[in-house]
Each structure stands twice: as C-alpha cells, then as structure tokens.
Amino acid sequence: MDKLKSTLQSLVQPLLAVLVGLLVGAIAILIVGGDILETYREMWKGAFGSFYFLTNTLARATPIILVGLGVALAFRAGFFNMGSEGQMVLGALSAALTALYIPGPGWVKIIAAFAAAVVVAGLWSALAGWLDSKFGMNLLITTLLLNYIATLFAGYMVAYPFKDRSGSAALSQTEMIDASVMLPKLFQGMTVHVGFIIAIVATLALHFFINSTTKGYEIRMLGGNPLFASYGGVSRGKLMVMSMFISGAFAGLAGVSEVLGTQYRFLDGSLTSANYAWSGIMATLLANSNPIGTAIASLLLAALQTGGMGVERNTDVPLEISSIIQAVLILFISAKFTISFIKRKKAGAKDGSAV
Amino acid sequence: MDQLFDVSLFAAALRMVAPILLAALGGAICARVGLFNVGLEGLILIGAFSAILGNYLTGSIAVAILFAMGFSLLFSLLLAYMSINLQANVIIVGIALNFLAAGLTTFALRAIFNVKGAYYDKDMKGLPKLDIPVLKDIPWLGDVLSGQSILVYAAIVIVIVLQFYLFRTVSGFRLLAAGENPVASRSLGLNVKKIQYAAVLISGALCGLAGAQLSLGNVTMFTEGMTNGRGFIALVATMLGQSNPIGVAGASMLFGFMEALSYRLQNFSVPSNITAMLPFVVTIIAMIFFKSSGYKNEAKKSSGSSR
Amino acid sequence: MLLEMDSITKSYGLVRANQNVNFNLRKGEVHALIGENGAGKTTLMRILYGMESPTSGQIKIDGKPVTFHDPTDAIKHKIGMVHQHFMLFPAFSIAENIVIGGEPKKGIVFDRKQAIEQTIALSEQYGMPVDPKKKVADCSLGMQQRVEILKVLYQGAETIILDEPTGVLTPLEVKELLASIKALTAKGKSFIIISHKLSEIMEVSDRITVLRDGVVTGTVNASETNEEQLSRMMVGRELIKLERSEAKIGKPVLELNDVTIVGNKTKPLLEDVQFNVHEGEIVGVAGISGNGQSELLQAISGLMPIDRGTIALQEKNITGASVKMIRESGLAHIPEDRYLWGVSKEATVSDNGIMGHLSRTSKRGMLDGKAIRTLVSGWVERFGIKTGSLHTKAQYLSGGNLQKLIVAREIAQQTPFLIAAEPTRGVDVGAMEIIHGELLKRRDEGAAILLVSSELTEIMKLSDRILVMYEGKVVGELDAATATEEQISLLMAGGKAVGQA
C-alpha cells in the first residue's frame, strides 16, 4: 500500500509540471498569434495522431531514453555527468567506422560496432571520472568541455580522413554502412527500429541494477552521502570511474543505435542538432533519476518534439514552441526539488533540532 | 611564426577576452557569496539575443546594451529566486536556466525575426570602436589596446572597480563575509539573502554585457547557441582566478588568447575543427592546476549536522 | 530587573521546545541556564537573541515590552550572544572579526587601520589581550572565544549570553574565562550562561535556572544548592546504576606503533601514537576536541592515510589498507558525527542499516530483501528505535533514534574491535543508558573497544584504561579505577602526568 501511494505521489509533480509547461506554451502561442487549441491538436496529431507518427515518436525517444538512463546512473552516484553529447557522438563515430571497416559477416559487424561504441563512449566518460578522482577536477565542468572536444574531433574525422568522397555532396559524413549491418525496423515502412527494444530492456535492467544489486546500493549511498559511503567501505574512486564508464556506455548505445538503426552512417552534426543528449539529461532531471521515470519522460519529450514538427507543418506556430515547453518543464522541476527540500526542512525542525 | 603572432592577433585576443572576462567576473562574485553559477552560459546567450533585439527595435547601441543587461538581469532574478528563496540546488537551476535560454532564444528568433539558426542584417551597427588618444600613438601597444569596442574597455574598468569594491569597501567586506560564513553573518544581523541577490543580479548584468559584446562587438549577428561554451570557460576562469577579479582577468586573458589563436591558425591551413578545440583543451589542462575544494569538503558542508 | 522573559512558549509543529518558561536577569549578575541535551536551553536563548520568535510570551527590557525580529534588534537592546559553535570568519583577521557589522569607515571605504586601533583599545580596556592582525583560522579555540566576547563588547552589549562556553576549552582556558566573567560583572556587565557542567556553574553563577523537557523545574540561588540537587532537577529521576563486572583482559586486538600524520600545519596532526587495545577492555581516549582524536579514528579505520608507523588489527597489518579491508579484518565504527559519517539522510532506515552488512544481506551480488527486513527490524525492536517503518527516510528520525540505529548497526557486526566515538552526543538520557549498556555488554563478550569522548564523565564511567591526548600525542595513560578527574584535566591541558600507570 505504501509503495502504491508513494508511486502515485511521485506522479503528481511531473503531471503538474506538464500542465504548467502547456500553460506557458499557450501563452507563447498567443504571442505569435496562433490558435491554442488547434496548435495543441496538431501537436498531439504530430506525436500520436497515426501509427506512423507514433512509431516516429518512439524512434525519436530511443536515443533519448538511452542517454537519459546513463545520466540517471551518474546522478544517482552523485556525479553531474553533462558529457552525454560528446560520449554519444564518439560512440556513433566508432560504431560507423567499425561497421564500415571491420571485415566479416553482418552479425559480427553489428556486435563489433556495439562493442566499439560502448567501450569508446564509456572510456571517454570514465576519463572525466578519473580526472576528478585523481586530480580533483570538477566533473561537471570537464564533461561539458569534453563535449566540444569530442564533437569537433568527430567532425574532423569525417571531414578529412574518413570523408565520404563518393557522392557529390559536400557533407561531412562517412560512407553508408552495408545493408547487412543495419538494425531491422520493427514494422515495415516505419522508422522505429530494434534500438527501441534495446532501450526498454536497458531501462528495466538499470532499474533492477540500481535497486536490487549491491553495486547499485553502493552507488545510491555514494550519491546520498559520499562520506557515509567511504566510512562504510565503499571506494569512491573506483566506483566513480565505473559508474561514469557505464553512464558513458549508455550514451554510446544511443549513438550506435542511431547509426545502425536510423542514419546508416555518421553525419557530422546530425546527433547534436537533434539535441538527443540534452533531451536525455532533461528527461533524467524530470524523473529525478528514476530509470523507469526517465524512460517515460523521454517518451514525453520525444512526443513534444515530433509534435512540434507537426505544428510547424500545419500551422504558423514555429516548432520551437516545443523548446519553450521543455524549458519550462525543466525549470518547474528544479522547483520540485525545492518543494521536497522545504518539506524536509520542516520535518527537520519537527525533530526538535533545538539543541 | 612572425605572421602568427602579429599585432592583430593580440588585438583580436583582447576582443575575444571581453565576453569571457565579463561573465567570469559575474561568476566570481556569485562564487564569493557561495553560489556556483552554472547558468552563465544561458545568461550570456540571453544577453547576446537581447542586444540584437534592442538594436533591431530602436537602432540605438545604448538601448541595445540596456536590453542585454535588462533581460539577463531578469533571468538572473529567476536564478536568484529559485536558489536563494526556494533553496533549490543552484547547479540544477543553472542547468535549467541554460535550457530555458536556449529554448527561448530559438523560439524568439523564429517569432520575432522569422528566421531559423541565425539573424543577420548588414545595415545593423555594431558597438562603436574607441580610439584612445595618446595610447593609440604608442607603437604596437597602441594597435593592440586602441580601437576596441567600448565594452572591452568597460570590462577592464569593471575588473578594477570590482577589485576595489571587494577588498576595500565596507559593503564588499560584508559580501565576502556572507560567503565566508553565512550563518555567522546572519547572527550579526547581516541580510545574507539580500547580499546573495545583489551578487546574482550583478552577475546577470555582467553576463548581459558579455552577450552584447559577443553579438554586437565580436560580430554583428545572433546565431543559435552562439555562446558555444564560453559560459563554461568563464566558469573555469572564475575557478582558476580564485574568484579574485585580477586573477580572473589573468585566467580569462589566457582563454581569450587561445580563442584568438584558434581563429588565426585557420589561416595556416590547419583544419578549423582542430583549431577550435584549442581553447577547450587548454581550459581542461589549466584545470589540473586548480584543485577544487574536494568532495569531502563539499559533503561536509551539505551533510554535516546543521548545528 | 534588567531583563525578563515571561511565559515563553515555542512550538515546532507538535513538539514544544519551550513551555511557559519564565526567566529573568538582574544587572551585574551571572544567571546560569542548565539542563540535559534537548531541554530547550538554546531555543530559549535564540529567542532572546532574536533568532527565533516565540509562539507566545513576552520579552521585557528594563520593564518595557520588546519584540525582536532578528539579532540586530537584540544587539540594539545591548544583548550579545556567543554561540556554542563560534560565529567567526576564519579567513579574516581578529580585528575584522571584531568590528564586523559596525565597521569604522571613511566614505564607503573600510578603514582597517582604525579597526585595529579600536581592537587594541577594547582589549586593553577589558584586559583581554589579542593580536588584531592575526587570522582567526590560526588562533586557538580559547583565543577565538576571547574574540567572540570582544566582538560582543564592541557591539556595546551589556547582557552577554554564553552558550556552552567551556566545552572546547582547556582547563586553564576555562579558569581564564571564569576570571574574565567575574571581571566583566564587576564592570557592570550581566551574563547568561548555558551549560551542563555543574561544577563550573556552581563556581561562577549567582542564580541557576533548570530546564527539563522545555519546562522550568526551578530557579535557585547558587549559594543555596548543590550539584546533587541540580542533577535531580535536570534529569527528573534517579539514574540506573551501571552494572560493571571485572574486566577479563585477553590478547591485544588493536596495536598502534609510532603512528604519525604530518598534515600541513606547523605541528603534526598525530605524533608517534602508540598503544594497544585488548580483548575485553574499554580504552577511553580523553582530550579537548581537536587534539588529534578525529585523525586517530580516521587513521585506524582507513579514512585517512598515515605518514609513519604501523597499525595492526587481529595481528594483521592494516597500515594503508582500504576501509573495506579493515572492516573485513574486524572493525566496526560508531562515528563521531552521525550526520557527517554515519548515515545518508535521504536513504531509508533499512538502506542505512545494511551498510557494512552486505555480505549477510545479499546473495551473488543481489540484495536479499527478506534478510534485510529480519536484520533491521530486529534492531528496531531491541533498541526501541522509533521509526514510521523500515522505509522511512533517515532524516525523519530524531537524533537519539538515529544514533541508536547506528549503534545497533555497528554492534551487530560482532567484530572483535569496535570504535565508539562520541556515542551519546546529543541524545537524551534514556538513549544514553541503552547505548552505555550495550557497549559494556560487548566488552563483557570479549570485544576490544576504543571509546573517544569529549565528555569526561562518560570516559570515567565506561573505561577500564584511559589515554589522554594533547596536540596529537598520547600524553598519559591511566588506570580508570584510580584516575581522578583532576589528573586527567591536567593532562588534557598539556600538563605533566602525575602518577602515570
């Protein structure tokens, strides 16, 4: 009973946040002279209006969920990993290059591409963890800065050594991968692919890992009070590098599933301009780092984004309306931390901290 | 190498320094009252956009600068309210603010200018360049220092003013006290909240100026996400400079110079992707020399008995 | 009457910290306010100093009702407070700390030269010498307290509230403080002293008011009472006498050899510390806090690296080993600050309970929910821990209940060696009795226990052998049966040992 009640309670806040987000969105729509109801109707249609749009939304949610899960794990351990973008891009690049240049049958290439993406993204992320535990370099800042280095490096790789010179286009991109390496679509003619299944499985796996394993327990305690964890025998340095590796590996999964499932090549800027990584971080914040909540929030954000495209197609309201709603959501959520904080403070006073 | 390190490189460096320096000073004053302002990036972006907006609406540079400061101030007020009054985690609010800034500027770019990605008007006037008499006639130094935008000079003046304010005035002393030991300050009857508000608002105004220099000084246009990590680099400059205005200026110089150098290297047929990494790589390397206070101290602050 | 507090009541939610408390102060008087932890002393004084507002009741100064919204109002009415945890700015100089809030200035500029002159003048006037340019971070705690008192005097206080002023002082510094108080009352200042140290109170005060559970149990003249009467008024019942059997001392469990931590100050944090703890004994470590006890405990438990020397546990060298390894070799640890080291406030009671018990509560890397419930609910029952459920977050437990949870967790490790650091700090008398009983029980079962406490009475009550620490060194070792409080106090202050065991 207790559990059901607390689950329901944890739903109230996000729902309220969505409501406030839509409200502010409505104001923005009014400002640009749009029709609120029509705009939201188009948004709904764009996200869920038909089987095609629905699967489209699921396809978009796939990398967001995977990134979000990685960030959630790092947050749980108490680390502000803001480097998902770079980690995802390096993962995607490694996956594309592996798929292109490793010899062998398709399934070998797929496995190799996944392994390469996970390892490269994981190591890139663990680097920030190592720098923090070894040199005391603020992880929040290093991960942010490493993003720029990673995306610029990936851009260089596909603009020079691995550029696709077959086409006439001046795009910075690799060649297209072989059809045998492409991840199968879930439905004929729809964009959603096997990566979505991977994301759902990963969600459940992470939920289980955090709540039911001893390593997950150690990670939770480390995030809650690092001194308590070290007092209890949890080694912060090791756990930091490990959880940052896993966190980056999730971002790498997002990268490889995009390359093998949707784009079939690495195209410079395609992952960053779609804002997958930052949406993932937003989803994690919305869900307070709960894995299942993160997946749901990712779906919501993906729906807002594909819905925004629908709005753009069919009304005069620009698709950036989605960015506004998202930003308000996230701001409202940082206030949510607050409300629980105030509750905590009141409870603290009740303990008679009148020492 | 003569061509690489010529006068115009240093002049460009000074131009590039200004936004980072202004924002870093904002970060420093926040750090001095115990707030780690991750929202600098978003505040600069708001400033950059508002400067263009002000210029577009009125054609006046003065109004453009006021717009930049005003809107950044408004958003820093949001940060202040949530982190000081509601006691929300200042890092999360900062991150949220960056999202909000990115979302709002993109939306407003569409809603107001009806363009995607960037707004540019060839008739738009940038910040005026000042020739400083006497100084401009000194060889080399004159070419570097003279003929910069007014905000570059403003940044230099602000460094000195801030240094004086923090370490010489009563009000600055109390600001330092509020950051050093807020509980003790409160017990003396100092209004710590008010001091923190003031610090955040000052940082907002400074970020507004940084944004104006970015969109009307370095170039005359607004592009989506044009801050491109400068807010985060400024944050590192704050840390490296130990939140001392002069120290922060030194650190910002380093990063500004790297940025200018990275542009310059492009002329030497180094791929732009590689040169653009330079400021970030140097920033990360610089961080090795700055030890953050360490997780143990952080944890002691947040977990210790509140007595 | 200089000052009156009439029927003050302060409630936090359902809890009443103060209930109809009457308290007054005459000019030139020292009035002590005593009581157990959590009796409501500090709350009452925070109300008087404007840091809390009373739920009901009235404060009068010179017979006129006043309302304080914040400390500035109190300061304006010439009331000053020296808090238990000093309200100083370590990075600032002594002069800056004294004048803050009323800085001398030229225009907008802070006139630091004049601040120094005023500090010198003030310290000469009251006979409390200080070095105005010295940074507070570099001052001893006694000096810091002097700075606090000068600060209050600089603000023009006539009434000075001292909250637990002697807790962190050496006996010599305590003497100096008591002398200063007497000198200041001779100059017409009045004092309110919060304390639970009866001997000092008896020495310095004129009147004594006793609080228990937020209610005044009596106000008496110091000349007409004694310590026994006061402690009855404080506790409200006779304390259970601890049953204590003869120690059956076995082989050494913990062995420290020349343990040194250099640190980055002029003096080492720990210097050549050498002692053993044997099976079946409690070794008490006495000392003013800040003389290396924290470092000693962190060094033993693996939380702080040592620069020289060796530590062995159960005849196994654990020098430089990880916390995990040391715990597995047989250490359990009740930490000195429960919120800092002992719990994760956000986590549940059961999550907090299984730290260090993972081998017993997990199978192949998975947490075993059933084993966890059995284990933790057993403690809740045995120690009488008041909690909503095992899923209640630790932050909702009161200090005493949280401490009981930690003690239960660590005792349940059944390790041959146990560190008990400040095991009863800030808990009520009931919890204290339970915890003391459990520690003695572990000793009788043959465990070696290292007890560190800043409460001398606790050390004397529980220990078989007493070590005294001063400036990072063990300066004396005494047999608890024959040691006297005076002997230990002298050692704690750095004096030479008399009659070492």
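The values are calculated or read from the model by the stated rules, or taken from the named source; none is laboratory data. What you see is a predicted model, and the numbers here were worked out from it, not measured in a lab. Here the Cβ positions follow ideal geometry from the backbone for every residue, glycine too, while neighbour counts run over all protein chains shown. Accessible surface is based on the protein model in full, side chains and every heavy atom, while ligands, DNA and RNA are left aside. Shrake-Rupley method; radii C 1.70, N 1.55, O 1.52, S 1.80 Å.
Could you give the length gained on full extension between C:Ser11 and C:Arg308, defined as 0.36 nm per residue of separation minus the Cα-Cα distance, in nm?
Result for the pair: 101.7 nm of gain on full extension.
Here's the list of aspartates and glutamates a cross-link from C:Lys267 could span, going by alpha-carbon distance under 20 Å and ignoring same-chain residues fewer than 8 apart: C:Asp138, C:Asp258, C:Glu295, C:Asp307, C:Glu471. Inter-chain Cβ neighbour count for B:179-187, averaged per residue, equals 5 (cutoff 10 Å, partner chain atoms only).
Here, region B:7-301 is characterised by an Rg to Rh ratio of 0.97, where Rg is the alpha-carbon radius of gyration and Rh the Kirkwood radius. For C:His77, the solvent-accessible surface with a 1.4 Å probe is about 80 Å², rounded to the nearest 10.
Using heavy atoms of the protein chains and a probe of 1.4 Å, the accessible area assigned to B:Trp140 is about 120 Å². Peptides C:86-92, B:165-171 ordered by packing proxy, namely the average of other Cβ atoms within 10 Å per residue, highest first: C:86-92, B:165-171. Just checking the listed ones, A:Tyr231, A:Tyr217, A:Tyr40: in the Gaussian network model of chain A with Cα springs under 10 Å, the one fluctuating most is A:Tyr231.
How long are the semi-axes of the equivalent ellipsoid of region A:27-144, taking √(5λ) for every eigenvalue λ of the Cα gyration tensor, in whole Å from largest down?
Each semi-axis is √(5λ); the values are 35, 25, 11 Å.
Taken over the protein assembly as shown, the ratio of Cα radius of gyration to 2.2 N^0.38 Å equals 1.02. Counting, for every residue in B:169-177, the Cβ atoms of other protein chains within 10 Å of its Cβ and taking the mean gives 6. Any number yet on Rg/Rh for region C:257-386, C-alpha, Kirkwood? Taking Rg over the Kirkwood Rh, I get 1.02. The translational diffusion coefficient of region B:150-237, from Stokes-Einstein at 37 °C and 0.692 mPa s with a Kirkwood hydrodynamic radius over alpha carbon pairs, comes to 219 µm²/s. Calculated mean residue ellipticity, 222 nm, chain C: -9500 deg cm²/dmol, from DSSP H runs (n ≥ 4) at -39500 (n - 2.57) each, averaged per residue and rounded to 500. Treating r as the C-beta distance of C:Arg382 and C:Glu228 and R0 as 35 Å, the FRET efficiency rounds to 0.60. Running a GNM on chain B with Cα contacts under 10 Å, which residue among B:Ala62, B:Ala13, B:Ala199 ends up with the highest mean-square fluctuation? The residue with the greatest mean-square fluctuation here is B:Ala62. Over 31 Å apart at the Cα level, from the set C:Lys105/C:Lys265; B:Lys194/C:Lys393; C:Lys10/C:Lys78, are C:Lys105/C:Lys265; B:Lys194/C:Lys393.
At a probe radius of 1.4 angstrom, the accessible area of the protein assembly as shown per residue rounds to 40 square angstrom.
Ordering C:Ser344, C:Met432, C:Gly378 by Cα displacement along the dipole of region C:283-441 toward the positive end leaves C:Gly378 in first place; charges were set at the Cβ atoms of Lys, Arg (+1) and Asp, Glu (-1). Mean Kyte-Doolittle of at least 0.5 and a Cα length of 15 Å or more along the axis: which whole DSSP H helices of chain C meet both? Long hydrophobic helices here: C:171-186. With contacts taken as Cα pairs under 8 Å and at least 6 residues apart, region A:64-282 reaches a relative contact order of 43 percent.
For chain A, hydrophobic long helices are taken as DSSP H runs at least 24 Å long by C-alpha position along their axis with mean Kyte-Doolittle hydropathy of -0.5 or more; these are A:2-31, A:51-76, A:84-101, A:106-135, A:139-159, A:194-212, A:236-258, A:291-314, A:321-350. Taking Rh as the Kirkwood radius computed over C-alpha pairs, what is the Stokes-Einstein D of chain C at 10 °C in a medium of viscosity 1.306 mPa s, expressed in µm² per second? Estimated via Stokes-Einstein, D reaches 64 µm²/s. When only the Cβ of Lys, Arg, Asp and Glu is charged (+1, +1, -1, -1), the dipole of region C:392-477 relative to its Cα centre reaches about 240 debye.
Summary value for chain C: 15 percent relative contact order, contacts being C-alpha pairs under 8 angstrom separated by 6+ residues. The label point for A:Arg313 and the one for C:Ala481, both projected 7 Å from the Cα toward the Cβ, are 9.3 nm apart. Taking all protein chains as they are arranged and a probe of 1.4 Å, the heavy atoms of A:Met182 leave approximately 50 Å² accessible to solvent. Once the dipole of region A:64-282 is set up with Lys and Arg at +1 and Asp and Glu at -1 on Cβ about the Cα centre, which of A:Ser212, A:Ala113, A:His193 lies farthest towards its positive end? Comparing the listed Cα positions along the dipole, A:Ser212 ranks first. Modelled this way, with points 7 Å down the Cα-to-C-beta line, the labels at B:Gln87 and B:Lys193 are 1.2 nm from one another. Largest to smallest in accessible area, the residues C:Lys404, C:Lys441 fall in the order C:Lys441, C:Lys404 (1.4 Å probe, all protein chains included).
Residues of region B:239-267 falling in the label zone of B:Ser8, defined by backbone nitrogen less than 15 Å from a point 7 Å along Cα to beta-carbon, are B:260-267.
Computed over region A:64-282, the P(r) tail beyond 26 angstrom holds 35 percent of alpha carbon pairs. Each label was represented as a point 7 Å from its Cα along the Cα-to-Cβ direction; for B:Lys116 and A:Leu19 these points are 3.5 nm apart. Magnitude of the charge dipole for chain A, about its Cα centre and with charges confined to Cβ atoms of Lys, Arg (+1) and Asp, Glu (-1), is about 1140 debye. Here the dipole of region B:163-278 is about 400 debye; that uses its Cα centre as origin and unit charges on the Cβ of Lys and Arg (positive) and Asp and Glu (negative). Placing A:Tyr264, A:Tyr101 in order of accessible area, with the largest value first and a 1.4 Å probe, yields A:Tyr101, A:Tyr264. Mean Kyte-Doolittle hydropathy of 1.6 or higher plus an axial Cα length of 18 Å or more: which whole DSSP H helices in chain B meet both? Span-like helices here: B:7-32, B:61-80, B:90-108, B:150-168, B:272-288. Placing A:Ile31, B:Ile138 in order of accessible area, with the largest value first and a 1.4 Å probe, yields A:Ile31, B:Ile138.
Placing unit charges on the Cβ atoms of the charged side chains and taking the dipole of the protein assembly as shown about its Cα centre, the candidate lying farthest along the positive direction among C:His83, B:Ile285, C:Asn20 is C:Asn20.
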